[in-house]
Amino acid sequence: MLGRRVGELAAAAGDPSAPLRPMAARLGRADITVGNLESTLSDNGAPRQGDDSFAAPPTVLPGLADAGFDVLTLANNHAGDYGRPALVETVRAFADSGIEPLGAGANRREAWRPVVVEHDGVRVGFLAFNAIGETWRAGSGSAGVASLRMNPRTGPLYPVELDAVADRVRALAARSDVTIVLPHWGDQYTHEPVADQRLVGARLLDAGATAVVGGHPHWVQDVQRHKGRFVVQSLGNFVFDMDFMQETQEGFVLDMTFRDGELVGTHLTPYVIGPDFAPRPATGAQARAILDDIDGLDLLP
């Protein structure tokens with residue numbers, strides 16, 4: 001989240017991407033780097049969520065590219081904070097940036113369009129959706145994000161909607177060697193996923209997802225194993241100005257190594273967000289304390 005106080009501090013430093021700098025080399029070592037951009041890149045409209053309306057200048061894009069990001073999902077509850085025109089302007093701002101936007105668009109077809117990144121002959125497919133609401137569901141002729149209704153915010157979960165998402169995952173898996181689904185889901189300020197996260201996560205894996213990696217809770221959450229594949233429920237915050245509690249200033253970078261389409265290794269780098277809103281790797285007891293809040297880590301390869 002590169003707006004609000006994060007953006008103000010970065011602007012004062014003369015570098016809109018300042019919070020990304022301490023972790024840029026770490027992120028850039030990956031073959032493909034993916035994240036969730038929880039701020040629009042346009043404020044061309046009235047703020048829809050008061051002080052919780054997040055907008056960053058499009059000048060953050062070069063810094064995001066320099067930090068190694070290849071794909072950024074916009075399927076979240078803040079992509080629409082300044083209205084539909086600003087959402088479309090945000091998606092269009094990615095043109096020529098070297099970063100692929102995911103999960104939002106001028107209509108439903110565009111919002112649900114997956115991204116496939118090829119590296120060394122391996123095709124990695126990404127699909128994202130928002131289950132939190134607040135940003136509009138994209139329509140046949142209206143801008144918004146890819147959405148799935150589910151608890152705790154937009155439920156109940158409708159089987160026909162979940163079937164449709166599973167079909168999209170199945171179609172993507174048929175043309176990808178690795179398929180990653182990025183849901184924006186769950187309850188805020190808890191380490192415990194809600195029941196729908198476990199149900200939907202398992203269904204996505206059954207449909208062909210190689211892994212499911214979620215966000216939104218602002219705290220780290222559990223790892224779930226299902227038929228040999230994995231759901232990581234929440235990575236926590238990465239860059240954010242939520243400095244009112246310890247847990248909202250913690251998270252982890254998840255490295256996944258794939259071979260022949262299977263997840264064969266993982267590495268977790270826990271970090272702490274500093275007073276400059278920039279994350280830096282945690283060490284020692286601090287790092288162990290962050291990882292101890294994640295049940296199921298022993299299930300990862």
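The values are calculated or read from the model by the stated rules, or taken from the named source; none is laboratory data. Bear in mind the structure is a predicted one, so any value in this text is a computation, not a measurement. So basically every Cβ, Gly included, is an ideal-geometry build from the backbone, and we count neighbours across all protein chains shown.
Do you know which of the residues in the range 98-131 that are over 15 Å from the mean Cα position of the chain (by Cα) and in a strand (DSSP E or B) is farthest from D70 (Cα to Cα)?
Result: G105.
Of all residues being among the charged types (D, E, K, R) and touching a Phe, Trp or Tyr at 6+ places or on another chain (Cβ under 9 Å) in the range 58-88, which is surrounded by the fewest Cβ atoms within 10 Å (Cβ to Cβ)? Just the residue, please. Give the derivation first.
In the first step, residues of the range 58-88 are kept if they are among the charged types (D, E, K, R); the result is 66, 70, 81, 84.
Next, only the ones that are touching a Phe, Trp or Tyr at 6+ places or on another chain (Cβ under 9 Å) stay: 81, 84.
Details: D81: 28, R84: 16.
Per the stated criteria, the residue is R84.
Cβ-Cβ distance below 6 Å, separation of 6 or more or different chains: which pairs start in the range 77-103 with a residue that is small (G, A, S) and end on one that is assigned to a loop (DSSP other than H, G, I, E, B) and crowded, with 24+ Cβ neighbours inside 10 Å?
Sorted first by the residue in the range 77-103, then by its partner, the pairs are A79/T135; G80/T135; A93/L41; G103/L74; G103/A75; G103/A146.
Please give the number of the condition L299 fails out of (1) closer than 17 Å to H226 by Cβ; (2) modelled with pLDDT of 95 or more.
Going through (1) closer than 17 Å to H226 by Cβ; (2) modelled with pLDDT of 95 or more one by one, L299 breaks only (2).
Among the numbered criteria (1) without any contact (Cβ under 8 Å) to a residue 24 or more places away in the chain; (2) surrounded by fewer than 17 Cβ atoms within 10 Å (Cβ to Cβ); (3) assigned to a strand (DSSP E or B), which one does P270 miss?
(2)
What pairs come out if I take residues in the range 40-69 that are under 30 Å from A25 (Cβ atoms) and pair them with residues that are of a type in the set (D, E) and in a loop (DSSP other than H, G, I, E, B) whose C-beta lies under 6 Å away, six or more apart or interchain?
If the second residue must be of a type in the set (D, E) and in a loop (DSSP other than H, G, I, E, B), the pairs left are T40/D81; F54/D81; A55/D43.
Would you please name the residue that is nearest to T248 (Cα to Cα), looking only at residues in the range 161-191 that are in contact (Cβ under 8 Å) with a residue 12 or more places away in the chain and acidic (D, E)?
Filtering the range 161-191 for residues that are in contact (Cβ under 8 Å) with a residue 12 or more places away in the chain and acidic (D, E), the one nearest to T248 (Cα to Cα) comes out as D187.
In the range 228-237, is there at least one residue being over 23 Å from V60 (Cα atoms), crowded, with 16+ Cβ neighbours inside 10 Å and of a type in the set (K, R)?
Within the range 228-237 (the criterion being over 23 Å from V60 (Cα atoms), crowded, with 16+ Cβ neighbours inside 10 Å and of a type in the set (K, R)), the answer is yes, since at least one residue qualifies.
Does the range 275-288 contain at least one residue that is in contact with a strand residue (DSSP E or B) (Cβ under 9 Å, 6 or more places away or on another chain), within 19 Å of E192 (Cβ to Cβ) and in a loop (DSSP other than H, G, I, E, B)?
So far as the range 275-288 goes, no, none of its residues is in contact with a strand residue (DSSP E or B) (Cβ under 9 Å, 6 or more places away or on another chain), within 19 Å of E192 (Cβ to Cβ) and in a loop (DSSP other than H, G, I, E, B).
Check off (1) touching a residue at least 24 places away in the same chain (Cβ under 8 Å); (2) at negative phi for Y158 and give me the number that stays unchecked.
For Y158, the exception is condition (1).
Would you pick out the residues in the range 111-152 that are without any contact (Cβ under 8 Å) to a residue 40 or more places away in the chain, among the charged types (D, E, K, R) and more than 27 Å from M256 (Cβ to Cβ)?
Across the range 111-152, the qualifying residues are R137, R149.
Suppose we filter G103, G186, G144, G133 for residues that are more than 15 Å from T40 (Cβ to Cβ), touching a helix residue (DSSP H, G or I) at 6+ places or on another chain (Cβ under 9 Å) and at pLDDT 95 or above; which single one remains?
The match here is G186.
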